[in-house]
Amino acid sequence: MRRMALSVLLVLGTALPASADIVVDRPRVRPLPAATLAAVVASGSAPAADVERVEAETRRALRRRLRAVRTCLAQTVPPRDPMRRGARWIEGRLTFDRSARPVVDQVRSGGVHESARRCVLEAARGLQLRQAPRGTVHVVVRYRL
């Protein structure tokens, strides 16, 4: 009986692979999700028609530049830390003051590496409206990662 039990244990022990006993838990590194244009909100002292037109043109222009922003973010922003929670965002404030080109007042970010600011700055500074507003228009642009 002992011989039989010993032979069964030997057969089972050699039949199972050694890697079945060792389980390696690899940490998950989440890739950087694609940037999306979350919000474009305009306000200002210009006539309402100009504010709406500037907001619509800014939204269209930034959507056209979204691929360049995503490429820039993929090259500069490190992958997301699995231990860090919370939303990641980048927000820029643009001012059109009787000009077709914006002045970038500020760029803020939350949960994103500082090098990501450059990506949004490049996209914002490249804007050119077809017609300048007849007053001051402030546009807040928010990207979500």
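Summarising the label geometry, the points placed 7 Å from Cα in the beta-carbon direction at R144 and R130 lie 3.0 nm from one another. Here the 3J(HN,Hα) profile of the range 43-51, calculated from phi with Karplus coefficients 6.51, -1.76 and 1.60 at θ = phi - 60°, is 8, x, 8, 6, x, 4, 5, 5, 4 Hz, Gly and Pro shown as x. The H on the amide N of A46, modeled in the peptide plane, is under 5 Å from the matching H of T136, each at least 5 residues off or on a different chain. The calculated FRET efficiency for S99 paired with R64, based on their beta-carbon distance and R0 = 30 Å, is about 0.90.
Between A87 and Q75, the simple label model (points 7 Å from Cα in the Cβ direction) yields a spacing of 2.9 nm.
Read-outs throughout are calculated quantities, based only on the coordinates presented, and are distinct from any laboratory measurement. Remember, predicted model here, so these are calculated numbers, not experimental data. Glycine gets a Cβ as well: all are built from the backbone with ideal geometry, and neighbour counts include every protein chain shown.
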